[in-house]
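Read the figures in this text as sums done on the coordinates, not as results from a lab. Just so we're clear, the structure is a prediction, and the values are computed from it rather than from any experiment. Here the Cβ is made from the backbone with ideal geometry for all residues, glycine too, and neighbour counts use every protein chain on show.
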Amino acid sequence: MDCLSDSFVPVSSILSGKCEGKKVSIRGWVHRARSSGGLAFVILRDSSGIIQCAVKKGVVEEKAFDAAKGVYVESSCIVSGTPKKDERAPGGWEISAADFGLIHLGTPFPIAKDQSVEFLLDTRHLWLRSQKLTKIMKLRDYATRSLRNFFDERGFFECVPPIITKSACEGGSTLFQLDYFGTPAYLSQSGQMYAEVYMTALEKVYILAPSFRAEPSRTVRHLSEYWHLEPEMAFYNQKMNMQLQEEMIVHVCHDLGKNHADLLTDIGREPEKLLAVRGPFPRLTYEKAIEKCRSLGCKIEYGQDLGADEEAALTKEASQPIFIHNHLKAFKAFYMREDPNKPGTVLSNDLLAPEGHGEIIGGSERIWDAAELRQRMEEQNLPMSDYQWYVDLREYGSVPHAGFGLGIERLCKWMFGLDHIRDAIPFPRTINRAYP
Ligand code: 4AD
Ligand code: MG
């Protein structure tokens with residue numbers, strides 16, 4: 001049979017019971033195989049699930065039986081037969097094969113049980129076929145779809161930012177520099193400044209694009225390339241900004257917890273944890289957060305930014321995300337508006353995920369007055385020439401606005417209960433890895 005025909009059914013429709021007693025054909029890859037005497041069991045995987053196929057000598061042609069007996073893990077093949085219920089088979093269904101055909105035998109698969117983390121990262125292009133990563137990548141897709149739906153329903157436009165830029169959004173220390181036809185340019189750390197441009201035309205916008213950080217840190221939550229969701233809203237203040245973030249997080253948690261509970265359970269995450277997320281999330285000022293950290297035994301002083309240890313201490317026992325707002329102007333980005341009611345602090349907010357995961361969102365109300373922005377840029381020694389266009393936005397019909405950035409892999413790490421951020425992205429880029 002031709003593997004390109006469209007007469008194949010997905011494994012999931014067999015597992016759902018829709019094909020009981022009917023003759024079907026399926027195609028996919030060998031998940032596992034074993035044989036003894038005149039019986040070969042081939043567990044076949046397609047994108048929708050896995051199913052056991054029993055291939056019997058004498059029932060199928062000799063050539064087909066020999067092919068089934070000789071397969072490797074990950075050989076690609078076609079099976080035709082009739083599904084029947086079988087409690088002993090994985091998923092509860094088995095196909096009694098009437099025919100078996102190889103698409104490609106291939107060579108023995110290099111990944112067996114109990115491989116080292118480094119080996120699995122070196123063979124990531126093959127390891128992505130594993131059940132756990134397949135399920136995580138499905139969930140990641142469902143998460144970004146859910147986020148897009150959330151913003152669509154609220155009248156946002158999705159916009160695209162440039163990736164090659166001249167200006168740092170989040171400070172010089174983590175910029176990847178490149179040679180742009182003889183002059184320096186950088187890989188974007190954040191699309192925020194461009195989202196602010198779109199905001200002046202479309203009012204409510206979001207960007208979903210890669211951001212790059214030359215992070216020298218080797219941690220379980222830093223990537224040098226990650227996916228960044230950055231909404232920006234005209235006529236929003238800090239309070240409205242936090243409200244929107246809260247609604248977005250509740251929306252995506254409930255969507256996944258309700259509609260993808262099986263996938264979550266399969267990867268070892270309790271859907272109930274996501275269904276239990278509800279607002280209002282606790283809101284702590286930076287000042288109060290420092291007091292709390294110190295009471296929990298952290299050695300941090302007022303004036304220092306919270307680090308991974310402090311965030312872990314604050315969120316370890318928490319079941320809800322926590323907002324930390326009004327950080328000190330001294331260590332926050334130049335574009336954050338100073339709080340007129342609490343001078344020395346800015347109208348910032350970070351959102352920390354519970355269970356020790358820590359920061360998943362950074363957001364703020366933006367400076368919308370040109371003179372105030374120029375002054376802050378001077379204080380931070382930023383070269384005006386690279387940012388003139390950004391200041392221009394404050395010269396021509398400026399409006400109050402706010403926005404935030406959500407790290408997709410940070411969100412997934414928490415929602416899926418992953419130990420390491422590298423498993424939330426197919427091809428993790430970290431300080432010591434850009435292969436495969
Ligand atoms: O807090 P950050 O640096 O804020 C910004 O970039 C703002 N311009 C966003 C905005 O207001 N539009 O980054 C935002 C989020 C973090 O909270 C985190 O989730 C994620 O981006 N992030 C990273 N994720 C993985 N690896 C890294 N190295 C990350 N750095 C930041
Ligand atoms: Mg941040």
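Quick look at the numbers
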item: Computed helical MRE - 222 nm, the chain, DSSP H runs ≥ 4 contributing -39500 (n - 2.57), nearest 500; result: -9000 deg cm²/dmol
item: Rg and Dmax [Cα atoms of the chain; Å; Rg one decimal, Dmax integer]; result: 26.3, 86
item: Contour minus Cα-Cα distance for residue 164 and residue 177 (0.36 nm per residue); result: 3.7 nm
item: Sequence ranges 375-388, 90-103, ranked by mean other-Cβ count within 10 angstrom, highest first; result: 90-103, 375-388
item: Among 318, 436, 243 - extreme Cα towards positive end, dipole of the chain, charges at beta-carbon; result: 436
item: Any cysteine of the chain lacking a neighbouring Cys Cβ under 4.7 Å - listed by number; result: 3, 19, 53, 77, 159, 169, 253, 412
item: Farthest toward positive dipole pole in the chain [+1 Lys/Arg, -1 Asp/Glu at C-beta], among 161, 333, 108; result: 108
item: Residues residue 132 and residue 318, FRET efficiency given R0 of 25 Å [Cβ-Cβ distance, rounded to 0.05]; result: 0.40
item: Charge dipole (debye, nearest 20) of the range 134-282; +1 at Cβ of Lys and Arg, -1 at Cβ of Asp and Glu; result: 280 debye
item: Average Cα contact separation per residue, the chain, under 8 Å, 6 or more apart, as relative contact order %; result: 12 percent
item: Packing rank of 347-354, 312-319, where each peptide gets the mean count of other beta carbons within 10 Å, highest leading; result: 347-354, 312-319
item: Net charge of neighbours whose Cβ lies under 15 Å from the Cβ of residue 393, counting Lys and Arg as +1 and Asp and Glu as -1; result: -4
item: Size of electric dipole in the chain: Cβ of Lys, Arg +1 and of Asp, Glu -1, about Cα centre, debye, nearest 20; result: 1440 debye
item: FRET E, pair residue 247, residue 145, Förster distance 25 Å, beta-carbon r, rounded to 0.05; result: 0.90
item: Total formal charge among the other residues, if their Cβ is under 12 angstrom from that of residue 350, Lys/Arg +1 and Asp/Glu -1; result: -1
